[in-house]
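Let me begin by presenting the structure, written as structure tokens, before commenting on it.
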Amino acid sequence: MAKKNNAHRSRALRFQITEAYKKARTNLVYSIIKKGCKKIIFTSSYKSEGKTTTALNVATALSQQVGTKVLVIDCDLRRPTVHTTMNLSTDKGLANYLNDECGLDEIITNSDMDNLDFITFGAIPPNPSELLSSDSMSEMVSALEEKYDYIIFDTPPVNMVVDMVPLIGLCDGVVFVVKNNETTLPDFNRAVETIKRNNGKILGIIINGIPTLETSKGAYYLAGSKKKQTDYYE
């Protein structure tokens, strides 16, 4: 009986999670009313707040729509994680292309999911901010717009480095990821101010770390202690 109850709870939790990402997908679709490719940044204030997991799950949900092609680009060129989560090769990736070491087709990885592709980091460069703000980055995004309906940019945390700032001008908006009872209000406000100061449009906020649907009443409470992870980047 206990095993059956546990299995039931597990299925119920998976259903809740799946439905949550489908709702996020729907909200994004209606937040960007335009023809052509929609380009969306996913970021957070600090690390370990779930931005990469959230970006990947929303991208997966978007790709499940009929005829919708989605690309995820790992723009965290300091501590990339997309390749680990999705078990992808990093032989050639974004940094290699921006350094003119390979062609665009060489860095696009087709996943085992229909309509979902990836560009991994490739190599950790000494100058990530310069690469992401380069003309080559802008030209690359323009070329990719012709092939995809959505491009998802997984970027570094806003409060640690400025790497994501140049991407704001290339994208339609930002999805900000916070972690329930860990992201502090001052950190949240500081990150939002940075985005707005650079003319970024915040499409929405996704909150991670809510144990179950029943305990979600306090989900929008941004408080609690937060250790500053100043060792995140060197």
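All of the numbers you see were taken from the coordinates with simple rules; none came from a lab. Owing to the predicted nature of the structure, the values given are computational and were not obtained by experimental measurement. Counting neighbours? That spans all protein chains shown, and the Cβs are built from the backbone with ideal geometry, glycine included.
Some notes on this structure:
- Judged by the gyration tensor of its Cα atoms, with axes a ≥ b ≥ c, segment 150-197 is prolate; a/c meets the 1.5 cut and a/b is the larger of a/b and b/c.
- Proximity of backbone amide H atoms, modeled 1.01 Å from N, is registered between ILE206 and PHE176, VAL177, VAL178 at under 5 Å, excluding neighbours fewer than 5 places apart on the same chain.
- Sorted on the mean count of surrounding Cβ atoms within 10 Å across their residues, most packed first, peptides 167-175, 197-205, 70-78 read 70-78, 167-175, 197-205.
- Sorted on the mean count of surrounding Cβ atoms within 10 Å across their residues, most packed first, peptides 55-66, 183-194 read 55-66, 183-194.
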